[in-house]
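Data block below; observations after.
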């Protein structure tokens, strides 16, 4: 069996930046073990698979070690493939996912994704979080990730996490965030329990960050920069219980996978 695969750099307008995602269009679903093996072989933060289910698409995301409930950059990458590589003529795409319906539409030279907002709540600062990040934050929050809020962008840049310690924490991952120098806010994202020590750009984390920074800054539209070595930029718009995450994508590679006995 031969499967097409595309590698897209998301939340950037150039290759070798942003967050790379592999995208595999499928005519039908393969066994989960095969999907997970492809993701492990790719060894990227996420590999996305989708199947056309008229009039929508069914979309799933896999890290090298597990399927996840929500992924921003691989959703953006999947939309870019459908629009640009598969010739989709409409203005918006609906994905059926484990996190409900996600809509992606063209917006200028980029894409705008309609995601569920997840406003974080204040929580007690755990010693394990401090040990894992190596620096004491001003505040700790929880949504589907642990969130550590620092005073300055430089503090977030300077973090040298203990990934083994962070992997012991209970939620999906850990976000470190602070007010930005040029952006409204900045962040870094760590998910060692999912096989991703530091994610280059994490769209789904901004479902948590945008509501927090929107309240704190008194803004409904914000620019966010993620401070990984590759770096990336998102525009965040608060729309009630939803958040619109916008960014661009760059096509890096088209490939073909050979899978014997995939049935």
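The values are calculated or read from the model by the stated rules, or taken from the named source; none is laboratory data. Given the structure is predicted, the values throughout are model-derived calculations rather than measurements. Cβ atoms come from the backbone with ideal geometry, glycine included; neighbour counts cover every protein chain shown.
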**Study point:** Listing of strands (runs of 3 or more DSSP E) fully contained in the stretch 60-179 that carry 3 or more residues being over 30 Å from residue 23 (Cβ atoms)
**Key:** 139-142
Practice item. Give me a count of the residues in the stretch 206-232 that are over 21 Å from residue 8 (Cβ atoms), out of contact with any helix residue (DSSP H, G or I) (no Cβ under 8 Å at 6 or more places or on another chain) and outside any helix (DSSP H, G or I). Key: 3
Practice item. Working only within the stretch 112-139, note down all residues that are touching a helix residue (DSSP H, G or I) at 6+ places or on another chain (Cβ under 7 Å) and under 19 Å from residue 217 (Cβ atoms). Key: 117, 118, 119, 120
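Looking at this structure, is residue 150 outside the structural domain of residue 224 (by TED's automatic domain parsing), in contact with a strand residue (DSSP E or B) (Cβ under 6 Å, 6 or more places away or on another chain) and crowded, with 21+ Cβ neighbours inside 10 Å? Working first, answer last.
On the way: outside the structural domain of residue 224 (by TED's automatic domain parsing): no; in contact with a strand residue (DSSP E or B) (Cβ under 6 Å, 6 or more places away or on another chain): yes; crowded, with 21+ Cβ neighbours inside 10 Å: yes.
Answer is no for this residue.
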Practice item. Six or more apart or on different chains, Cβ under 6 Å: which pairs go from a residue in the stretch 125-137 that's in contact (Cβ under 8 Å) with a residue 12 or more places away in the chain to one that's assigned to a helix (DSSP H, G or I) and surrounded by 13 or more Cβ atoms within 10 Å (Cβ to Cβ)? Could you list them? Key: 131/165; 132/165; 132/166
Check your understanding: Within the stretch 243-263, how many residues are surrounded by 12 or more Cβ atoms within 10 Å (Cβ to Cβ) and either in a loop (DSSP other than H, G, I, E, B) or over 16 Å from the mean Cα position of the chain (by Cα) (or both)?
Key -> 8
